[in-house]
1. For Ile10, project a label point 7 Å along Cα to C-beta. Then give me every residue of segment 97-111 with its amide nitrogen under 18 Å of that point.
2. Express the relative contact order of segment 34-127 as a whole percentage, based on alpha carbon pairs under 8 Å and six or more residues apart in sequence.
3. Sorted by average packing, counted as other Cβ atoms within 10 angstrom per residue and highest first, what order do 28-34, 17-23, 66-72 take?
4. Points 7 angstrom from Cα along the Cβ direction at Asp107 and Phe123: gap in nanometres?
5. Rolling a 1.4 angstrom probe over the protein chains, ignoring ligands and nucleic acids, what is the accessible area of Asp94 in square angstrom, nearest 10?
6. I want to verify the translational diffusion coefficient of the chain in µm²/s; compute it with Stokes-Einstein, Rh as the Kirkwood radius over Cα pairs, at 37 °C and 0.692 mPa s.
7. Leaving out ligands, DNA and RNA, what percent of the accessible area of the chain is carbon and sulfur, probe 1.4 Å?
8. Give me the 1.4 Å probe accessible area per residue for the chain, excluding ligands and nucleic acids, in Å².
Amino acid sequence: MSWNNIKIDIADKLFSKYVRLQHKECLKCGKFGTGELGIDGLQASHFHGRRKESTRYDLKNVDCLCISCHKYFTELKTEYEAWKLEQLGQKEYDLLMLRANTPGKRDRKMQAIIWKELLKNDFDLVT
């Protein structure tokens, strides 16, 4: 997995934390996260990569996966596609594809504010 050319900012970190806290287990294999918050060892896996700004912070585009399952889906994209289709159903999958292929620019500062507030409200977590 190579994310060398993708800038990860505070909004990305907050969003990832939200996704992992929302599930606390790998959605593919069921492995639980570890650590104080129960999210260590889990990752926020983007179905459509982070370069697609229109779906970068879209909860339907991101799955909480363990490192092994994230690597598996990264290497076998067709497996991820089939799994995602089953997860979302055809209509939601098609809508996600449409959003992913619609050009968009996100306001990163606003995204950071949104995810910080959601972490506080949904998980009583002050970041």
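The values are calculated or read from the model by the stated rules, or taken from the named source; none is laboratory data. Note that the structure is predicted; figures quoted are calculated from it, not measured. Methodologically, a virtual Cβ is constructed for each residue, glycine included, from the backbone with ideal geometry; neighbour enumeration extends over all protein chains shown. The area values use the complete protein model at the heavy-atom level, side chains included, leaving out ligands, DNA and RNA. Shrake-Rupley method; radii C 1.70, N 1.55, O 1.52, S 1.80 Å.
1. Within reach of a label on Ile10: 106-111.
2. 28 percent
3. Highest mean packing first, the order is 17-23, 66-72, 28-34.
4. 2.4 nm
5. Looks like 80 Å² after rounding.
6. On the way: Rh = 15.1 Å.
Taking Rh from Cα pairs, D becomes 217 µm²/s.
7. Looking at the chain in its full context, I get 53 percent from C and S.
8. On the way: 7700 Å² over 127 residues.
Here the per-residue accessible area is 61 Å².
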